[in-house]
Amino acid sequence: MAGRTKTRRTGQGSVYQRKDGRWECAITHGYNEKGNPLRHRSVAPTRKEVEDKLREIIVNLGIGRPAKDSKQTLANYLNDWLEQTVKPHKEPKTYRYYEQMVRLYIVPTLGNLKLADVSHMKIQAMLNQRAKAGLAPRTVQAIRATLRRALNLAVKQKLIGSNPAEFTDTPKNRQKSASFLDLDEMQKLIKVCSTDYVGGLIVLGLNTGLRVGEATGVCWSDIDLDLGILQVRNQLQRVNKVFLLKGLKTDSSRRNLSLSDNVIKALRQQKANQVLWASSSKVKPFNPLGLVFTTTDGRPLDPKLVDTHLKALCDKAKVKQVSFHKLRHSVATQLASNGVSLSIIKDQLGHSQISLTVDTYGHSVPSALRQASDTLDTLLESKPK
């Protein structure tokens with residue numbers, strides 16, 4: 001007959017005799033993502049031995065060590081993390097980002113290690129190796145961030161005592177001057193945009209600094225042409241070869257922008273163009289997402305296609321070739337150099353932190369400050385009334 005469970009205080013576990021005569025202890029040491037308790041069990045021939053094991057487990061848990069060393073490899077753990085935690089709860093774009101970091105950079109170097117054997121020194125060596133091989137600092141930082149996030153869950157699940165990725169360092173970003181078009185080049189590019197069916201998109205980018213996904217994801221329902229207001233709420237993403245509209249994640253990304261007269265003119269022309277395209281298109285339904293910018297048969301615009309057309313337009317305008325993202329830099333630089341505050345530029349671009357705006361476009365501020373100083377000087381020297 002199995003022995004009775006020995007009564008213990010909460011958090012001290014339980015001890016009982018099994019039907020086979022051996023003794024077993026059990027203790028709850030956390031909860032999984034679904035809120036179910038995580039329990040560790042151990043078996044011994046006698047009550048004394050199993051109670052000794054229980055005391056050892058309690059001590060380990062008390063100082064942050066796992067109840068037992070996990071035999072699971074880091075590769076298996078990360079795969080489970082991606083499939084069970086990331087994929088069901090994150091956007092497909094986020095899942096692909098983490099999956100790429102794991103598959104290309106983490107698993108090839110550390111994947112065969114047992115989870116309990118992954119130390120901060122081994123992680124640091126891997127990060128150093130990646131940096132030395134020429135990987136961009138941002139990518140090295142992304143590798144560390146992915147591993148850190150994944151191992152935080154392992155700590156919560158008591159699989160490891162602490163997160164070894166917390167104690168690692170990554171190289172600092174190399175400061176690069178943002179490439180952009182000057183004002184004369186921007187004006188020349190706008191003049192040739194009417195010759196291409198993505199020209200309206202380029203005009204919008206040159207006047208707002210939208211990200212390419214935000215610009216290609218603008219719907220007619222987001223625009224009030226009479227008031228000249230654009231509500232930036234969505235972005236166009238390609239998921240498993242299918243284009244979908246996805247909501248923007250942050251409050252700073254979701255913003256209302258004022259449209260200039262030349263943008264409103266381009267948008268009215270775009271609406272007229274779509275009416276003509278729809279009448280002759282063999283693709284039905286035409287533009288089912290209600291997008292402002294599409295191909296001539298109503299399909300969403302792929303960013304690579306946009307950049308191809310943009311570079312051709314740059315050649316036609318006889319200005320340097322830039323990507324759509326560089327239009328964003330051009331807008332911000334012109335605003336900063338002409339006295340618009342970095343706080344306003346932050347809101348215009350949808351940056352989450354003003355530090356990003358300062359780091360990227362602060363180089364343009366001195367000229368604006370000089371302009372402000374000259375203006376104030378002129379005012380102060382003017383004769384009082």
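The values are calculated or read from the model by the stated rules, or taken from the named source; none is laboratory data. What you see is a predicted model; the values in this text were computed from it and never measured. Heads up, the Cβs are rebuilt from the backbone with ideal geometry, glycines too, and the neighbour counts pull from every protein chain shown. Side chains are part of the model used for accessible areas, which takes the heavy atoms of the whole protein and leaves out ligands, DNA and RNA. Shrake-Rupley method; radii C 1.70, N 1.55, O 1.52, S 1.80 Å.
Of all residues in region 111-126, those that are crowded, with 17+ Cβ neighbours inside 10 Å and in contact (Cβ under 8 Å) with a residue 40 or more places away in the chain total 5. When S252, S260 are checked against the criterion of being more than 16 Å from H325 (Cα to Cα), among the small types (G, A, S), open to solvent by 30 Å² or more (accessible area, probe 1.4 Å) and more than 29 Å from the chain's Cα centre (by Cα), S260 stands alone in meeting it.
Selection of first residues in region 227-241 that are among the charged types (D, E, K, R) and of second residues that are open to solvent by 40 Å² or more (accessible area, probe 1.4 Å), restricted to Cβ pairs under 6 Å at least 6 apart or on distinct chains, gives the following pairs, ordered by first then second residue: R233/R254. Elements of the type helices (runs of 4 or more DSSP H) sitting completely within region 240-353 and holding at least 3 residues that are out of contact with any Lys or Arg (no Cβ under 6 Å at 6 or more places or on another chain) and modelled with pLDDT under 90: these cover 324-337, 342-349. Return a yes/no flag: does region 134-156 have any residue that is surrounded by fewer than 21 Cβ atoms within 10 Å (Cβ to Cβ) and over 25 Å from the mean Cα position of the chain (by Cα). Taking every residue of region 134-156 in turn, none turns out to be surrounded by fewer than 21 Cβ atoms within 10 Å (Cβ to Cβ) and over 25 Å from the mean Cα position of the chain (by Cα). Here the condition is being of a type in the set (G, A, S) and surrounded by 17 or more Cβ atoms within 10 Å (Cβ to Cβ); of G247, G217, it holds for G217 alone. Residue count for region 178-198, restricted to those that are under 29 Å from W277 (Cβ atoms), open to solvent by 60 Å² or more (accessible area, probe 1.4 Å) and of a type in the set (D, E, K, R): 2. A single member of G209, G205, G213 is in contact with a Pro (Cβ under 8 Å, 6 or more places away or on another chain), over 11 Å from L267 (Cα atoms) and in contact (Cβ under 8 Å) with a residue 40 or more places away in the chain, and it is G213. Look at region 284-309: where a residue is surrounded by fewer than 16 Cβ atoms within 10 Å (Cβ to Cβ) and a partner is assigned to a loop (DSSP other than H, G, I, E, B), sitting 6+ places away or on another chain with Cβ atoms under 6 Å, you get T296/Y197; D297/S281; D297/V283.
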